[in-house]
Amino acid sequence: MSDFQVVVDELEPSPPLWHGSTDVSMTVWPENLPPPELLHHLAETVFNAVPLAVRVLHRPTFMASLGLPPNSPRFPEMKLPSQLALSPVWLLHAICALASLYTPIVTDIGEINLDDGLGAVAVSAGVFQGGAYGAGNGFRNADHDDEDPFNFATSHLRWSHECSRKAIRRGKSMIEHAQRLILVTWFYLSRGDFISTIACTSNLTKLIASLGFNTSSVYSPLSRIPSEYLYTGRTVVGPTNEEMCRNIFWVAYAMERLVNATNVWTLSFEDMDCSQFLPCRLKDFTNGVTVPKQTRQHLLSRNMLVTHPPLFTDSFTLYVKAAVIFGQVRTFNRRYKQHYALNVQSTGLLYDGWSSPSDSGSTPPPGGAKNRDPRETKEFKALDDLIGAFIASIPKEFQDPVGRNTGAKLDPVLYVAHLLPHMAMITLHDPHANVSVAHDSSAQKILLAARGILELIYNVCGTAFDLLYLDHTSSTAWFLAGTTIIRFLAAKSAQGDEAEAAILTEELGAVKFMLTNLGDRTGIGLRQLKLLDMVYKLEIEAQVQARKQPTVMSPATISATNP
């Protein structure tokens, strides 16, 4: 039983749990887990507070299993003396850690402690300096107690890691381990621990690839080996479990792209290797409805990013499609120079879903990439058009994520689906934008996208929605909008355009207001705010200091001006 202090009298009433003897329950209850009532509350907290938790775990089945006596073979996290267990205890420890960030009844959650380096270079160095073992397993090295002091959350992370390590070496409960890694990644992301977030995501994508969740049985690889032996893990039984595994893949697919939104690192999942069907609607998944595969979309379906069949579309479907577009933009930026500098004439892809220059008509010019504006390539234009087409294609019932016009509650998943196209537009055009030129097309597009994000910020401010319950990709979008505004603010200040600079300063204030509010309660909000302040100092304050420096005239210049 856990020794950590919780305010049990503040616990909200939960549905009735099992009615067995208390003495029996304490005899067989897994070591270090909170009492049943608190555990039930923490699980409910994760489902209610984390937007995509209801996709990674099947809520009705999971919560019903928690209501069983702990010596039942259907209890989700109990290893019986007979070795019969459906899932390992590490999943519940991960739930406890994540839930502690959202519930007031856990009081010792520890202080937010961002790693020293905030930039990508510092993060990369930290991964190696911190040791691949400690961070790479989704868990800081237990020997570093001074860096990671014991509290409710970190202790449950330690127990989760310890319980999973031996089973993973035996190749058991791999699906539950994937679920655990997702929960732990969300924890680290919320705390602003970017190094551990990246390390966990990397392990997650590798595990899911080995499980074959990125593939569909309809499009199996060419192999003489029977399909059940092509991948690790156990056979998935039943339509609900099959949909849950499909959801796990798409959450991991989107997570990899979005936690790496501001860098250009290579992705583990390339679109051409993903034949998995898109997820079904949440209500169908929750109710255990069998959704036929014959008419479902996948990444190679014709026009799938701008076609949204009503029977297969909800907020998460649009979220996934928006993440696909964003990932394609990142891939284009990463591959462009290599592709054109080497005058690639093969069937290689410039970015997933689009053919090479020789196939698409975008033949590299003499001299490679340096002699060509990327915006003139067929691939760039296709991406630019795709972003606008996706925004225009969003069905009417999904066009208001905040519920401003419909009176519905804010949908955190749909909110991100609306943010991502603006993030993609900024990422696509930012390297080419000349913000000092009035009619530069890329500059106009990134400013329009930043103000699209601002509009979504203003819409959230007009509600009573708690920012803590937004998907953390929201803060990344706000940060990107802020950096774009700072670029324009620096340019307008240098040009002496005080009126436009005042407007931009007010808009930047709105972004910082949101990040400050989020940063008061989460590490990710604080991290994004500090990064934004760093960018401001580099772009604005450095410019101001340069103006204050006295001009030093050379002797020749002095002689010329004073004959």
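The values are calculated or read from the model by the stated rules, or taken from the named source; none is laboratory data. Only a predicted model underlies this, so the values are computations on that prediction, with no experimental measurement involved. Every residue, glycine among them, receives a Cβ derived from its backbone with ideal geometry; neighbour counts consider all protein chains shown. Note: areas computed on protein heavy atoms with side chains; ligands, DNA, RNA excluded. Shrake-Rupley method; radii C 1.70, N 1.55, O 1.52, S 1.80 Å.
Couple of notes before you dig in:
- Residues located in the stretch 196-225, provided they are farther than 28 Å from Gln297 by Cβ and open to solvent by 20 Å² or more (accessible area, probe 1.4 Å): Ile198, Asn203, Arg224, Ile225
- Where helices (runs of 4 or more DSSP H) sit wholly within the stretch 429-541, those with at least 2 residues that are open to solvent by 60 Å² or more (accessible area, probe 1.4 Å) and farther than 20 Å from Leu419 by Cα occupy 473-495, 498-519, 523-536.
- Any chance Asp466 is over 23 Å from Arg334 (Cβ atoms) and acidic (Asp, Glu): yes
- Residue count for the stretch 264-302, restricted to those that are assigned to a loop (DSSP other than H, G, I, E, B) and open to solvent by less than 20 Å² (accessible area, probe 1.4 Å): 9
- Extreme residue, nearest to Phe249 (Cα to Cα), among residues of the stretch 164-218 that are among the charged types (D, E, K, R) and assigned to a helix (DSSP H, G or I): Lys206
- Here Lys396 meets each of (1) open to solvent by 40 Å² or more (accessible area, probe 1.4 Å); (2) of a type outside the set (Phe, Trp, Tyr); (3) at pLDDT 95 or above; (4) farther than 19 Å from Asp314 by Cβ with one exception, condition (4).
- Residue in the stretch 458-471 that is at pLDDT 95 or above, more than 25 Å from Ala408 (Cβ to Cβ) and in contact with a helix residue (DSSP H, G or I) (Cβ under 7 Å, 6 or more places away or on another chain) present: no
- Some residue of the stretch 232-255 being open to solvent by 30 Å² or more (accessible area, probe 1.4 Å), among the aliphatic types (A, V, I, L, M) and either over 19 Å from Leu207 (Cα atoms) or part of a loop (DSSP other than H, G, I, E, B) (or both): yes
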